[in-house]
Amino acid sequence: MGLITLPVIRRMAVCGGTHGNELTGVYLVPELERQRREKGDTLWPVPVTTVLSNPRAVKECKRYVNKDLNRCFTSAILSSPVTDTTPYEVQRAQELNSMLGPKGTADATDIICDLHNTTANMGLTVISYSHTNWVIMHIYKYLQEKITKVPVRLILLNIPICDAYSLESVAKHGISLEVGPQPHGVVRADIFNVMKEGVNVVLDWIQHFNSGKVIEGAEVDVFMFEKSVDYPRDTETQNPLAVIHPQLQDQDFCLLQRGDPLFLTFSGETVGYDEEEPLHPFFINEAAYYEKGIAFHLARKKTLVIPNIQAKND
Amino acid sequence: RERERERERERVAVTLPALSCVALCGGTHGNELSGIYLVQETLKNKRKGEAMEAVTVVTVISNPRAVQQRVRYTETDLNRCFTYAMLSAPVSERTPYEIIRSQELNSLLGPKGSGQAVDLICDLHNTTANMGLCLITYADSDWICLHICKHLQMATIPVRYIHYDIPLSEAFSLESVGKHGFAMEIGPQPHGVIRSNIFTAMQEAVHLMLDWVRLFNSGTQFDEGSVDVYTMVKNIDYPRDPYTHNITAAVHPELQDRDFCLLYPGDPIFLSFSGEILRYKGKEPLYPFFINECAYYEKGVALLLARKSKVKIPAIQCSRA
């Protein structure tokens, strides 16, 4: 296995409240700021910018005010002209891009860790765009080793960076940390502690990496996003005709085989999985996805080889 | 003498009028989905000509605007708008939608406190707290509600009876409009989500309740017995930052999801975001419920505390009209 040298990590941002009702990040960001006030800048291996991404949505405890902020970071939206009718979140996305980016340039912050919650039973799930970003792959591997309270998985979205629509795509190495299950608008202590530990593990990894040690590669299992599945709906009213089947509810990342139950209609019928290829469901019954026409996503599991890496000062 | 009277009361069945009209209300909070879907499905399934023998069931979507937007309420919490004062408040252009709606519901299902009010209101709710199924009501000696609770003990989900000691005039929620009424609260379920197991539990409980009403109306005598009643004593707010008013702690992991487990003085109740444990400072062990209910953050409530008592209920039977 070869060795890949990569630049040292110089700057990191931790973002909470990208969705104003996903409360773990909303409370973890001020807690990190309190830690910094109490212990000073030497607390962390690199300067950490803490950001409350969508303050108006946080104030109202809603996912968003006009438009989902976490869909506003495509290159097209980031460069669109601002007028009186521009939604709040588009303006905010452009502000965040100035602050933490600009996306795709050498000035962009090295790492963004964007904190999210889900009503789905997903443990700690890392979400990212690129399977050849070795920093991200190694951070994921390290999280899997260090976090034992909940399962840790990685979802990869097969989208080129310019079309990548979420906040973390602004950084050179961006990840979303998605922790669930937690109802939106609620903060659970156990979920908060998992997220806090996750952020500390990421900082810990940065310290190891920056020290110049060779970080050994390995084989890791990842989930590659394949497609979304909507609820069965009434053709006239578009109202859902079924709920997630009790045997699928909370079974994120299980293997769905042909015939396995997916939905239970209100009239008591089971709708089964009728695809040939077994796939893994996730984001099962996420509250925010009802309006996006998504009951769950499906992913293919793959084993990837990640190389040894080493930091070099440039 | 008191005991003799009590024993006499229990031996002879109390006779009560039939419950000819039952209202099933969903969507009083527009993001509590089980009741919304249950009412919609009940409406769909009402076959023309199918007589629900011995009882008329009226289905209501209480807050259609909030249901449409999938929010708890649009301007003010509908389920706080049913005090006599609010029901008789004059309406102007500036009156919040929910107050106008509460007055409409009072005309439809009430008027509250009058002889025309529906016999029984069952108002369907969900909570993010791990409460199983709870019947919540103002009255602690409403034999109808208590007998229904006793009958529901055969449900798969744990069923409990919660009593708020508030006089009828101050009672602020929808079910206080009926001659008898309770909120049927089921959790845990995130708001804006429908879970199959929770929906099924609510469906089962509503069927059991309507079965009981039919049996009662047909003259069945229900034996005396007793029901555990949880009477609300007080609530505890989150610790808050004195300047921003933001909460500084979450419910402690040892209390989270432990609704109706006795809380003793000194037990941990909060874990601050910086890692400190805050403990219960009350003098009396009490039963916590509505632990970490999403909608109560803005009302300044982290949990409620109740005292438990065994209430003896007499045998009851419908009085033939």
* Over the whole of A:177-184, what's the average partner chain Cβ count within 10 Å per residue? Rounded to a whole number, please. => 3
* Structure fact -> If each K or R counts +1 and each D or E counts -1, the residues other than residue A:11 whose Cβ falls under 13 Å of its Cβ total -1
* **Choice from A:85, A:74, A:118 with maximal GNM fluctuation in chain A (Cα, 10 Å cutoff)** => A:85
* What do you get for Rg/Rh of the stretch A:211-314 when both radii come from the Cα atoms and Rh is the Kirkwood radius? -> 1.19
* How many partner chain Cβ atoms sit within 10 Å of a residue's Cβ in peptide B:186-198, on average, as a whole number? -> 6
* Structure fact -> Distance in nm between residue B:319 and residue B:104 label points, each 7 Å along Cα→Cβ, equals 3.6
* To do: Can you tell me the alpha carbon radius of gyration of chain B divided by the globular rule-of-thumb value 2.2 N^0.38 Å?
  => 1.03
* How many partner chain Cβ atoms sit within 10 Å of a residue's Cβ in peptide B:299-311, on average, as a whole number? -> 0
* Near residue A:196, which lysines are there with a Cα under 24 Å away, not counting those fewer than 8 places off in the same chain? -> A:39, A:59, A:62, A:141, A:146, A:149, A:172
* To do: Only bridges with both residues in the protein assembly as shown count here: give the DSSP antiparallel percent, nearest 5.
  => 50
* Based on Cβ point charges of +1 for Lys and Arg and -1 for Asp and Glu, what charge dipole magnitude is obtained for the stretch A:226-299 about its Cα centre, in debye rounded to the nearest 20? -> 100
* Structure fact -> The farthest towards the positive end of the charge dipole of chain B, of the residues B:40, B:210, B:173, given +1 on Cβ of Lys and Arg and -1 on Cβ of Asp and Glu, is B:210
* Asked: Among B:238-244, B:288-294, A:261-267, what's the highest-first ranking by average C-beta atoms within 10 angstrom per residue?
  -> B:288-294, A:261-267, B:238-244
* To the nearest 0.05, what FRET efficiency results for residue B:141 and residue A:10 with a Förster distance of 60 Å applied to their C-beta separation? -> 0.30
* Return a whole-number percent for the relative contact order of chain B, with Cα pairs under 8 Å and 6 or more residues apart as the contact set. => 22
* Structure fact -> Cα-only Rg/Rh for chain A with Kirkwood Rh rounds to 0.97
* Structure fact -> Highest GNM mean-square fluctuation among A:43, A:100, A:167, for chain A with Cα springs under 10 Å, belongs to A:43
* Compare the peptides B:55-61, B:277-283 by average per-residue count of other Cβ atoms within 10 angstrom and give them in order, highest first. => B:55-61, B:277-283
* Might you report the magnitude of the Cβ-based charge dipole of the stretch B:96-230 about its Cα centre, with Lys and Arg at +1 and Asp and Glu at -1, to the nearest 20 debye? => 300
* **Using a Förster distance of 60 Å, the FRET efficiency for residue A:276-residue B:257 (Cβ separation, nearest 0.05)** => 0.90
* State, to one decimal in nm, how far the label point of residue B:309 lies from the label point of residue A:230, with both points 7 Å from Cα in the Cβ direction. => 5.5
* Calculated from backbone phi, Karplus (6.51, -1.76, 1.60) coupling profile of the stretch B:149-159 in Hz, x at Gly/Pro -> 4, 4, 5, 6, 4, 7, 5, 5, 8, x, 10
* Any aspartates and glutamates with Cα under 17 Å of the residue A:301 Cα? List them, leaving off those in the same chain fewer than 8 positions away. => A:219, A:221, A:226, A:252, A:275, A:276, A:277
* Structure fact -> If the chain between residue B:95 and residue B:221 were fully extended at 0.36 nm per residue, the gain over the current Cα-Cα distance would be 40.7 nm
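Please report Rg over Rh for the stretch A:1-100, where both radii come from the alpha carbon positions and Rh follows the Kirkwood definition.
Value, to two decimals: 1.07.
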* Structure fact -> With the charge dipole of the protein assembly as shown built from beta-carbon charges (+1 for Lys and Arg, -1 for Asp and Glu) about the Cα centre, the Cα from B:261, B:97, B:196 projecting farthest to the positive end belongs to B:261
* What number, rounded to the nearest 500 deg cm²/dmol, is the helix-based mean residue ellipticity at 222 nm of the protein assembly as shown, given -39500 (n - 2.57) per DSSP H run of at least four residues and division by all its residues? -> -7500 deg cm²/dmol
* Across chain B, how many lysine pairs, 8 or more positions apart or on different chains, have C-alpha atoms separated by under 13 Å? Please give the number. => 5
* **Assigned charges on the beta-carbon of Lys, Arg, Asp, Glu; the stretch B:1-123 dipole about Cα centre (debye)** => 80
* Structure fact -> For the stretch A:224-311, averaging the sequence separation of alpha carbon pairs under 8 Å that lie six or more residues apart and dividing by its residue count, the contact order in percent is 33
* Using a Förster distance of 56 Å, the FRET efficiency for residue A:255-residue B:1 (Cβ separation, nearest 0.05) -> 0.20
* **chain A, relative contact order [Cα under 8 Å, separation at least 6], %** => 22
* Structure fact -> GNM on chain A, Cα springs under 10 Å; top mean-square fluctuation among A:15, A:162, A:61 goes to A:162
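Here, each number is a calculation from the coordinates, and none is a lab measurement. Quick caveat: nothing in here was measured; it's all calculated off a predicted structure. Ideal geometry is used to build each Cβ from the backbone, glycine not excepted, and the neighbour counts take in all protein chains shown.
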